[in-house]
Amino acid sequence: MLHTLAVLVENSPGVLARVAGLFSRRGFNIESLAVGKTDDPTVSRMTIVVDCDSRTLEQVTKQLHKLIDVIKISDITQDAHVERELVLIKVHAERAHRIEVMQIVEIFRARVVDYSPKSLIIEATGSAEKLNALIDTLRPYVISELVRTGKVAIIRGSKKI
């Protein structure tokens, strides 16, 4: 089962390596990882998606708590939350297909962020399913490059981690 963890850590060098190393040493694969500063510049937030059973998740959580830089860990999988990913897609778009590509972009509520004679760079945010559908729809137009973030998630309402 996929679990989404929200982890608050001290914003200091090496924290990401220590957290990722913990997963690696135990043979767990991180499906998605996104890290950024919070409103407090001394604290960063990691959104980690890991595919494991409840028992394994409990072990990982206990090991994470032992890391000195970890402030708080919350499994938000079962909480009502909003999650998004970001993708940048460079599509080969000759003049003959450019209008079609731009119509697809509009349908997916994405946007063109760079325009050159032979390519377009498209930015889209949304659920993994939405982004996968956009990518699949654009494949026939030749995707020359693709960059995708990990999932970021936040709990709905007044509750916070």
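Throughout, read-outs are computed from the coordinates displayed, never taken from laboratory work. This structure is a prediction, so every number in the text was calculated from the model and none was measured. So basically every Cβ, Gly included, is an ideal-geometry build from the backbone, and we count neighbours across all protein chains shown.
Using amide H atoms built in the peptide plane, which far-off residues or other-chain residues are under 5 Å from Glu31 H to H?
Residues meeting the amide H criterion: Val49, Val50, Asp51.
Add +1 for every Lys or Arg and -1 for every Asp or Glu among the other residues with Cβ under 10 Å from the Cβ of Ser74, and state the total.
Charge balance near Ser74 sits at +1.
Per residue of the stretch 152-161, what does 6.51 cos²θ - 1.76 cosθ + 1.60 with θ = phi - 60° give for ³J(HN,Hα)? Whole Hz please, x for Gly and Pro, Karplus curve as stated.
Along the stretch 152-161, the couplings run 10, 8, 9, 6, 6, x, 7, 5, 9, 7 Hz.
Which net charge results for the neighbourhood of Val15, defined as the other residues with beta-carbon distances under 13 angstrom from its beta-carbon, given Lys and Arg at +1 and Asp and Glu at -1?
Neighbour charge sum, excluding Val15 itself: +1.
Using modelled amide H (1.01 Å from N, peptide plane; none on Pro or chain starts), what sits under 5 Å from the amide H of Lys72, excluding residues fewer than 5 places away?
Leu8
Estimate the FRET efficiency between Ser144 and His81 by the formula 1/(1 + (r/R0)^6), using the beta-carbon distance for r and 25 Å for R0, to the nearest 0.05. Each step should come with its number before you reach the end.
Values: r = 34 Å, r/R0 = 1.35.
According to the calculation, E is roughly 0.15.
In sequence order, what are the phi-derived ³J(HN,Hα) couplings for the stretch 137-149 according to the Karplus relation 6.51 cos²θ - 1.76 cosθ + 1.60 with θ = phi - 60°, rounded to whole Hz, with x for glycine and proline?
Couplings: 5, 7, 3, x, 8, 6, 7, 8, 7, 8, 10, 9, 7 Hz.
If you take every residue apart from Asp40 with its C-beta less than 15 Å away from the C-beta of Asp40, what net charge results, scoring Lys and Arg +1 and Asp and Glu -1? Working shown, then result.
Details: positive: Lys37, Arg45, Lys72, Lys160; negative: Glu10, Asp39, Asp69.
Value of the local net charge: +1.
Let me know the charge dipole size of the chain about its Cα centre in debye, to the nearest 20, where only the beta-carbon of Lys, Arg (+1) and Asp, Glu (-1) is charged. Intermediate values should be presented prior to the final figure.
On the way: 23 positive and 20 negative charges, 42 e Å.
My answer is approximately 200 debye.
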